[in-house]
1. Based on other C-beta atoms within 10 Å, arrange 202, 32 from fewest to most.
2. Measure nothing fancy, just the Cα-based angle from helix 229-240's long axis to the longest principal axis of the chain, in degrees from 0 to 90, nearest 10.
3. Helix 174-184 versus the longest principal axis of the chain: what is the Cα-based angle in degrees, 0 to 90, to the nearest 10?
4. Could you list 311, 244 in order of exposure, starting from the residue whose Cβ has the fewest other Cβ atoms within 10 Å?
5. On a 0 to 90° scale, report how tilted helix 200-212 is relative to the longest principal axis of the chain, with both axes built from alpha carbons and the result rounded to the nearest 10.
6. Sorted from fewest to most neighbouring beta carbons within 10 Å, what does the list 292, 97 look like?
7. In whole angstrom, how long is each semi-axis of the equivalent ellipsoid of region 42-168, when you take the square root of 5 times every eigenvalue of its Cα gyration tensor and sort them from largest down?
8. Using only the alpha carbons of the chain, determine the length spanned along each of the three principal axes and report them from longest to shortest in whole angstroms.
């Protein structure tokens, strides 16, 4: 498995181990592997290094490719393309050459957005020009390459998770950072908008379901529940005992200053909560159907409240401390 030390990776390693599968995790030298070492063999290689992959990632039945850069800002443009597209193609070519199956973890961001009254489901034709945002474009281009290769000898499937939430993150995700800022006073207002979120444990279970119900060339949307920003914060407030924010900023104001948001977070060396792209995303259609995954691989997303409650408790335990009655970030924000 590539990307085994990431948010989804650490959960999936244990999920596969607990299901009785022998797991080998591919990490980058210097990665913290302490969370996955009890459940898998560890090898080291960068997905952008084809020779290292040839040396360390052959001889397996299935490679689950999770490695990628998830970024809502426009920083690291070249690196994002190199990893998300180039690294994915390297893994796919390796699998095709050595007759290994492949599961590629794409994203719902790779699927073109439809009008608000429509529901989005799995597609087979991907076009990066129809996608907004650099991250989604790289995922669309990589997915297109993978599906094209399935017509030329690659035995592969594709997973399309929506926004991932839940406990067990080791480095703060964007939602993890939102919880930290909300509880520690760094967030004083919120905006209109909504998105589709799914529990990390359910995505891991969905990928396990794909392995156990193999169908080459198939893809499955692993989506959860549509939740508004206000509902998200109210759930976090309820789980933590924190007061709900009172101020809601109008969309036109947030949209107008969003072009400066990345510069603001860059100067503060903080993981960005909102960027021009993410604000657009919060106002776009996020009705992704998981019907196919439910029917064919037994995908069953748990209640949103359970995910947010357990995620909030996790963040409070691992990323926040309390001093003199106030919450304080335990670790500096991830840049």
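Just so it is clear, none of the values below were taken in a lab; they were calculated from the coordinates. Every value quoted in this text rests on a predicted model; they were computed, and no experiment measured them. Positions of Cβ are generated from backbone atoms using ideal geometry, with glycine treated the same way; all protein chains shown enter the neighbour counts.
1. So the ranking, lowest neighbour count to highest, is 32, 202.
2. Helix 229-240 and the main axis of the chain meet at about 80 degrees.
3. 20
4. Least crowded to most crowded, the residues run 244, 311.
5. Long axis of 200-212 versus the principal axis of the chain: about 20 degrees.
6. 97, 292
7. For region 42-168, the ellipsoid semi-axes come out as 25, 17, 14 Å.
8. For the chain, the Cα extents along the three principal axes come out at 57, 44, 38 Å.
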